[in-house]
Structure formats: structure tokens, C-alpha cells
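Visitor: Below is one structure. I have some questions about it.
Where a number appears in this text, it was derived from the coordinates with a stated rule and is not lab data. Just so you know, these numbers come straight off a predicted model, no measurement behind them. Neighbour counts are summed over all protein chains in view; Cβ atoms, including those assigned to glycine, are modelled from backbone coordinates with ideal geometry.
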Amino acid sequence: MAQGVKGREPMGHPDARGALERPRGLWRAAVREIPDFPAPGVLFRDILPVLADPEAYRQMLDELTDAAEPFGANLLVAPEARGFLLAAPLADRMGTGMAAVRKAGKLPPPVAGENYALEYGAGRLEVEAGANWAGRRVLVVDDVLATGGTVSAAARLVEGLGATVVGYLFVMELAALGGRQALGDRPAAALWTVWPPEQR
């Protein structure tokens, strides 16, 4: 079981799928659902209201901290933009560094990049190439695991620079989209797995 930070309860052990089954806690109630966004038939889940509520944000960070500690990472890597809002305070709590993965053209040189496929076309992610990546144990942190394309590209990018990716951590996983298949055999954890109605 993950060990809780002193002064609070541990969040509990993830099930075999790497996520807690039932939503609980104040922060989950603050997640906003927007139907038909960004496309018809899509139910978008927005975590920004969680960040606007100090107590809900603290609870979410408490759970992320408990989930992150067993990975033994010494560097958190996060893709823009919501990943930054989670990984930065989490890195402060854990005493690790945090590295930002950005879209192409957002960082000054030198940079290293990785191309990845999108539903229509392609994207590219970049990190600062001058950082000391060799020997770093990296945990990739993001808000939602959907198709897994962005975070798996981030993992390939930093491993190409000499880091070791020890796993992935998400606030939510949209199970219907099958994103875990894109992550390969690396361990992954999510605080909240959203299952399609027929699997609940």
C-alpha cells in the first residue's frame, strides 16, 4: 500500500487496473462535465474548477502525492498545459525536479523533439536538450489519460535523452479510449478511472 504523507491517511491501494474504482473526496465533486465538447458526442471533464477551490486542490494533490511516491522518481515530466499545474506543486512536495514538455517552437534552443500521430495529422513535442537527463528516473504526470499519444511521445522523448521512465500518473483515465495500450508495459496509475456505462 502506498504510504501516506505524515499527518493524513494514505489514499488506498490501486486495483489491478491501476486506479481507484469509486470517485470519492471533495475534488471529484468539483470536476465539471461539459457535453458535446470539443465535438458532438464527447463528454469533456474539466479539472480547472478543482484548482480554483483551495481545499479540493489540496485533496487532489494529497492523493497524487500518495500515488506518486511508490514510483521512486527523481524527476517529474509533464506535457502542457494542465500537466504543469499538477506536476509543479507535486514536485515541490516530493523534493524532485520538474521538466516541462512543450509543443514545437515554444522553447529556446537547444531542444530535442519527438513527433507523434494525431487523429488528423501529426504533432511534435520538445524539451530542453541542455538539461542533464542521464540517470534520471522520470514519472510522466498529466491530468487525463485518453488515447495516450501525448504522454507516450513524452516518454520516448526523454528516454532518447538518457532518462528512465518509471511510469505514468494521471488524475483521470477515460477507460473507453484504451489509452493504456499506448503506454506499453510501463506501470501507470490514475486516481479516478471513468468507465463506459456498460462496464460500470
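Visitor: Tell me yes or no: at least one residue of the stretch 79-102 is touching a Phe, Trp or Tyr at 6+ places or on another chain (Cβ under 7 Å), buried (at least 16 other Cβ atoms within 10 Å of the Cβ) and without any contact (Cβ under 8 Å) to a residue 40 or more places away in the chain.
Guide: yes
Visitor: How about the stretch 166-200: which of its residues are farther than 22 Å from Trp27 by Cβ, of a type in the set (A, V, I, L, M) and in contact (Cβ under 8 Å) with a residue 60 or more places away in the chain?
Guide: Within the stretch 166-200, just Val166 meets the criteria.
Visitor: How many residues does the stretch 91-108 hold that are within 15 Å of Leu169 (Cβ to Cβ) and of a type outside the set (A, V, I, L, M, F, W, C)?
Guide: 2
Visitor: While we're here: If you go through the stretch 139-159, how many residues are more than 16 Å from Leu64 (Cβ to Cβ) and in contact (Cβ under 8 Å) with a residue 24 or more places away in the chain?
Guide: The total comes to 12.
Visitor: Do we have any residue at all in the stretch 66-76 that's within 12 Å of the chain's Cα centre (by Cα), hydrophobic (A, V, I, L, M, F, W, C) and assigned to a strand (DSSP E or B)?
Guide: yes
Visitor: So how many residues does the stretch 77-99 have that are under 12 Å from the mean Cα position of the chain (by Cα) and assigned to a strand (DSSP E or B)?
Guide: Residues meeting the conditions: 3.
Visitor: Still on this model: Run down Arg102, Arg124 and say which single residue is touching a Lys or Arg at 6+ places or on another chain (Cβ under 8 Å), of a type in the set (Lys, Arg), over 21 Å from Asp46 (Cβ atoms) and part of a strand (DSSP E or B).
Guide: None of the other options fit; the residue is Arg124.
Visitor: Using the structure shown, decide if Arg58 is of a type outside the set (Asp, Glu) and closer than 21 Å to Ala146 by Cβ.
Guide: no
Residue by residue, here is whether (1) surrounded by fewer than 14 Cβ atoms within 10 Å (Cβ to Cβ); (2) within 17 Å of Arg82 (Cα to Cα) holds:
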site: Ala117; (1), (2): yes, no
site: Gly123; (1), (2): no, no
site: Ser152; (1), (2): no, yes
site: Gly167; (1), (2): no, no
site: Ala176; (1), (2): yes, no
site: Val194; (1), (2): no, no
